[in-house]
1. Test residue 256 against the criterion of being surrounded by 16 or more Cβ atoms within 10 Å (Cβ to Cβ), in contact with a helix residue (DSSP H, G or I) (Cβ under 8 Å, 6 or more places away or on another chain) and closer than 30 Å to residue 70 by Cβ, and give yes or no.
2. If you go through the range 113-152, how many residues are modelled with pLDDT of 90 or more, surrounded by 12 or more Cβ atoms within 10 Å (Cβ to Cβ) and not in a helix (DSSP H, G or I)?
3. Considering only residues that are closer than 23 Å to residue 7 by Cα, part of a helix (DSSP H, G or I) and touching a helix residue (DSSP H, G or I) at 6+ places or on another chain (Cβ under 6 Å), which ones fall in the range 61-89?
4. Just to be sure I understand, how many residues within the range 55-77 are over 16 Å from the mean Cα position of the chain (by Cα) and without any contact (Cβ under 8 Å) to a residue 40 or more places away in the chain?
5. Condition check: within 23 Å of the chain's Cα centre (by Cα) and closer than 27 Å to residue 102 by Cβ. Does residue 36 satisfy that?
6. What single numbered condition from (1) modelled with pLDDT of 95 or more; (2) surrounded by 11 or more Cβ atoms within 10 Å (Cβ to Cβ) fails to hold for residue 240?
7. Could you list, ordered by first residue, the pairs with Cβ atoms under 6 Å in which the first is in the range 19-45 and in the same structural domain as residue 67 (by TED's automatic domain parsing) and in contact (Cβ under 8 Å) with a residue 40 or more places away in the chain and the second is surrounded by fewer than 21 Cβ atoms within 10 Å (Cβ to Cβ) and part of a loop (DSSP other than H, G, I, E, B), at least 6 apart or interchain?
8. Tell me which residues, restricted to the range 188-232, are in contact with a helix residue (DSSP H, G or I) (Cβ under 7 Å, 6 or more places away or on another chain), under 30 Å from residue 148 (Cβ atoms) and not in a helix (DSSP H, G or I).
């Protein structure tokens, strides 16, 4: 199916922009999954004044996978103003008349290549290497507008699942999970592109946590300490205007510092992976 962005009309793009800006000015922009109500809606919801993905494609001439990605990314941004700016930038980046149906597969290939770059080819199991190649090839065909059979995507998913089940190395497991998530045709599975992006971000964020040195043992240790602080100080005196984190600072300052650093590392990693994902998205739209 051939699509035409904004149905080839600058007027359609201008209308979508106007709606978004009007809803944002009225403080009815609510970044997150596709939503629309009298109280407001998501970035996409505000543009089309609906929560129906089919209406997105009918009104805008843009593929449904893009609506899912737009609202997904907007929900990751730190403020409504950032979400509005992202929506405005998106509309400006797309040329009227462009057919972006295949761009979803192009974006998935970029995500897979980025993930695969973190795993030396020599470390890939033959099964995982085959799954990567097969899913990448299918998306290459889809990006070029070629027909791809549902049976081929199903076979690729089976291959990816089998490859995942045989792995223990964290880097290979992350790549395999990304490949498994990507083994869908975006034309038929509108969530495939954003789901792949979500898994990609999660893998990179998990890697940042490992590199920082925070482990499952740290989680368990912190949970134990916070529970002890609560039971010892807060449970007998509910009137105290303190939190367990206040008590952690007082009684375990070094652990409190490390926890804060871990949280900061996670925030910085999350912001960086969102920026990279956004850059890849705009790279396939222009």
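1. Details: surrounded by 16 or more Cβ atoms within 10 Å (Cβ to Cβ): yes; in contact with a helix residue (DSSP H, G or I) (Cβ under 8 Å, 6 or more places away or on another chain): yes; closer than 30 Å to residue 70 by Cβ: no.
Spelling it out, it is not the case that residue 256 is surrounded by 16 or more Cβ atoms within 10 Å (Cβ to Cβ), in contact with a helix residue (DSSP H, G or I) (Cβ under 8 Å, 6 or more places away or on another chain) and closer than 30 Å to residue 70 by Cβ.
2. Residues that pass the stated criteria total 3.
3. The answer is 64, 65, 67, 68, 69, 70, 71, 84, 86, 87.
4. So in the range 55-77, the residues over 16 Å from the mean Cα position of the chain (by Cα) come out as 55-63.
Now narrow it down to the ones that are without any contact (Cβ under 8 Å) to a residue 40 or more places away in the chain: 55-56, 58.
Residues meeting the conditions: 3.
5. Details: within 23 Å of the chain's Cα centre (by Cα): yes; closer than 27 Å to residue 102 by Cβ: no.
Spelling it out, it is not the case that residue 36 is within 23 Å of the chain's Cα centre (by Cα) and closer than 27 Å to residue 102 by Cβ.
6. The one condition residue 240 does not meet is (1).
7. 31/75; 32/75
8. 190, 191
The values are calculated or read from the model by the stated rules, or taken from the named source; none is laboratory data. Every value quoted in this text rests on a predicted model; they were computed, and no experiment measured them. When we count neighbours, we look across all protein chains shown, and the Cβ atoms used for this are built from the backbone with ideal geometry, even at glycine.
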